[in-house]
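The values are calculated or read from the model by the stated rules, or taken from the named source; none is laboratory data. What you are looking at is a predicted structure, and each value in this text was computed from that prediction instead of being measured. Here the Cβ positions follow ideal geometry from the backbone for every residue, glycine too, while neighbour counts run over all protein chains shown.
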Amino acid sequence: MPPINFIGKNVKLGTNVKIWNFAYVGDNTEIGDNVSIGSLAHVDYGVKIGNDVKIEGLVYIAPLSVIGNGVFIGPNAVLTNDPYPPSSRMTGVIVEDFAALGGGSVIKAGVKIGRKAVVGMGSVVIRDVPPETVVAGNPAKPIYGRDVYESKKRIWEQGGANYR
């Protein structure tokens with residue numbers, strides 16, 4: 001049996017877009033070039049996704065969200081759109097260019113994740129995250145800057161054990 005996906009009406013797909021098994025893309029969504037959407041992901045209606053974005057499996061992106069270029073969204077992350085459920089007024093999440101959301105993170109409706117910011121896995125983000133800031137926890141709080149994150153990442157990739 002071939003993979004089954006749902007692609008809504010008026011969806012704009014860029015070039016080299018990969019949508020894995022059992023994913024959903026809602027009406028009036030725009031997806032840029034070189035985007036990968038993992039299995040069982042749900043990208044709801046009216047979402048805008050930039051270029052060079054990787055969305056892992058089981059992610060939920062709420063309606064009206066905007067995802068910038070070069071963004072990574074880890075597995076099972078949730079972006080919400082109703083800050084006071086159930087309400088009649090919705091707003092999406094904004095994830096600016098080159099930000100990364102760790103697996104299992106939850107982002108409150110209306111929050112902006114700044115350029116090159118990093119959200120730690122399992123974090124619950126209820127306030128805007130400044131650019132180049134790493135946040136973690138519930139509720140998420142700043143733990144260090146992107147420069148420290150990149151240094152720790154380099155050590156890890158070179159075989160070091162500094163992963164905290």
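Condition check: buried (at least 19 other Cβ atoms within 10 Å of the Cβ) and either among the acidic types (Asp, Glu) or farther than 20 Å from residue 138 by Cα (or both). Does residue 74 satisfy that?
No; evaluated as a whole, the condition is false for this residue.
From the list 94, 31, 73, 113, exactly one residue is within 18 Å of residue 135 (Cα to Cα), in contact with a Leu (Cβ under 6 Å, 6 or more places away or on another chain) and not charged (D, E, K, R). Which is it?
Just one listed residue meets the conditions, 73.
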Point to revise | Residue check, residue 121 within 29 Å of residue 23 (Cβ to Cβ), modelled with pLDDT of 95 or more and in a loop (DSSP other than H, G, I, E, B) | key: yes
**Study point:** Residues (closer than 13 Å to residue 94 by Cα and hydroxyl-bearing (Ser, Thr, Tyr)) located in the range 60-82
**Key:** 65, 80
Exercise for review: Assess whether residue 125 counts as being without any contact (Cβ under 8 Å) to a residue 24 or more places away in the chain and surrounded by 23 or more Cβ atoms within 10 Å (Cβ to Cβ).
Suggested key: yes
Point to revise | Residue selected from the range 125-164 under the condition part of a helix (DSSP H, G or I) and among the hydroxyl-bearing types (Ser, Thr, Tyr), by the criterion nearest to residue 94 (Cα to Cα) | key: 149
Review point. Inside the range 6-59, can you point out the residues that are part of a loop (DSSP other than H, G, I, E, B), under 14 Å from the mean Cα position of the chain (by Cα) and within 16 Å of residue 95 (Cα to Cα)?
Key: 35, 44, 47, 50, 51, 52, 53, 56, 59
Study note, to complete from the structure: Contact list, first residue from the range 145-161 and touching a residue at least 60 places away in the same chain (Cβ under 8 Å) and under 15 Å from residue 116 (Cα atoms), second anywhere and among the acidic types (Asp, Glu) and surrounded by fewer than 11 Cβ atoms within 10 Å (Cβ to Cβ), beta-carbon distance below 8 Å, six or more apart or interchain, is none
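One line per residue, one yes/no per condition, for (1) in contact (Cβ under 8 Å) with a residue 40 or more places away in the chain; (2) more than 23 Å from residue 146 (Cβ to Cβ); (3) among the charged types (D, E, K, R):
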position: 6; (1), (2), (3): no, yes, no
position: 25; (1), (2), (3): no, yes, no
position: 41; (1), (2), (3): no, yes, no
position: 59; (1), (2), (3): no, no, no
position: 84; (1), (2), (3): no, yes, no
position: 89; (1), (2), (3): no, yes, yes
position: 97; (1), (2), (3): yes, no, yes
